[in-house]
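Everything on this sheet refers to the single structure shown next.
What follows is calculated from the coordinates using simple rules that are stated; it is not laboratory data. On a predicted model such as this, the values are computed, not experimentally measured, just so you know. Please note: Cβ atoms are built from the backbone with ideal geometry, for glycine as well, and neighbour counts cover all protein chains shown.
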Amino acid sequence: MNNTNPQHKPQALLLLGCPEVAMQTSLALFTLDLLVTDGINTLIAGNNAALGLVRTADPKGYYVKDMLDLDTAIADLAEKRMDPDICYVFIHNDAGISYLATVNALIGTQAMGIIFGREAKALAQQCTGLQLKNIWARAVHNPGPLKVKISKEIEHWAALNR
Amino acid sequence: MGCIEQITYEILLSKATFKESSAFIRANYSEVYIIPPGFRMFNVFIIGVPPIYVGISGDSITFPYTKPCHGTFVMKTQSKEEVEKVQKTGKPV
């Protein structure tokens, strides 16, 4: 859904999953850079460990401006204190699918899963079966294939929301 | 915000997939309701893939609780207030 108000400044939410797979922090900062470059206000939510890794990777806050505790983000979405134009959910396990399904049900627009790790294909099939939008690559050490997909996705979304 | 540790609970199933937790609740309770994602129960907002099942037995309520790194737990606790809320607002199965 596009917001037709010309004063509306698009907002994005990046929802981080378990930080166990190192790829997540790199992908999150890569995604954040693309969004910020496009002038999108972007908030990152995650648990303490996930946010700690992001903070460590960007200690001076060149990219990361706003961070939010994961439970607080879900509460804000559920109680309509926040309604981003797009939410990207980083997924490498079953719990990530639950978060994507939840966010997808709570926001007025759409949520998109960014799926990586060794189980990426199976997780992506589950998401697709649940009609949850996603992009995926079996990325564990090499983020290249997923970077390409993320770039295309954000380019497409930003073009629709300018 | 949202700390499950503020309530007294029993864990019936741990580190499961969400699908497994749903099957567990469906199989073990005769009184089951569907709640929407983000439903507020106690001080937490329930995460899950719809349909999200909640089981009720007397004043006890059994529900899925998902953590990003540990999967989904099925938790049981006592709360007449939450039982009544689910019975009133949930969709009976």
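Overview of results
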| quantity | calculated |
| --- | --- |
| Unit charges on C-beta of K, R, D, E only; dipole of chain B, Debye | 260 debye |
| Residue-count net charge about A:Met23 - beta-carbon cut-off 14 Å; Lys, Arg +1, Asp, Glu -1 | +2 |
| Cross-link partners of A:Lys121 among aspartates and glutamates (Cα-Cα below 13 Å; sequence separation of 8 or more within a chain) | A:Asp94 |
| Assigned charges on the beta-carbon of Lys, Arg, Asp, Glu; region A:7-162 dipole about Cα centre (debye) | 400 debye |
| Residue mean of other protein chain beta carbons inside 10 Å, A:97-107 | 6 |
| Approximate spin-label separation B:Cys69-B:Lys19, in nm, with each point projected 7 Å along Cα-to-Cβ | 2.6 nm |
| Dipole of the protein assembly as shown, positive end: most advanced residue of A:Leu77, A:Leu160, B:Pro50 [Cβ charges, Cα centre] | A:Leu160 |
| Percent of beta bridges antiparallel (DSSP, region A:23-162, rounded to nearest 5) | 0 percent |
| Three-way shape call for region B:1-82 based on the alpha-carbon gyration tensor, with the a/c threshold at 1.5 | rounded |
| Which of A:His8, A:His141 has the fewest Cβ neighbours within 10 Å, and the rest in rising order | A:His141, A:His8 |
| Gaussian network model of chain A, Cα within-10 Å springs - most flexible of A:Ala45, A:Ala101, A:Ala75 | A:Ala75 |
| Averaged over B:47-59, number of beta-carbon atoms from partner chains that fall within 10 Å | 3 |
| Inter-label distance, nm, simple model (7 Å from Cα along the C-beta direction), A:Val140/B:Val93 | 3.5 nm |
| Share antiparallel - DSSP beta bridges, the protein assembly as shown, percent rounded to 5 | 50 percent |
| Neighbourhood net charge (14 Å Cβ-Cβ; Lys/Arg +1, Asp/Glu -1) for A:Asn142 | +4 |
| Proximal aspartates and glutamates to A:Lys60, defined as alpha-carbon separation beneath 16 angstrom and excluding residues fewer than eight positions away on the same chain | A:Asp33 |
| Eligible aspartates and glutamates near A:Lys80 by straight Cα distance, threshold 17 Å, same-chain separation 8 or greater | A:Asp69, A:Asp71 |
| Value of relative contact order over region A:26-162, rounded to a whole percent, pairs C-alpha under 8 Å and six or more apart | 19 percent |
| Environment charge at A:Asp94 (Cβ cut-off 15 Å; Lys +1, Arg +1, Asp -1, Glu -1) | +2 |
| Rounded, prolate or oblate (a/c below 1.5 giving rounded, otherwise prolate when a/b exceeds b/c) for region A:70-162 by Cα gyration tensor | oblate |
| Cα gyration tensor shape for the protein assembly as shown, rounded if a/c is under 1.5, else prolate or oblate | prolate |
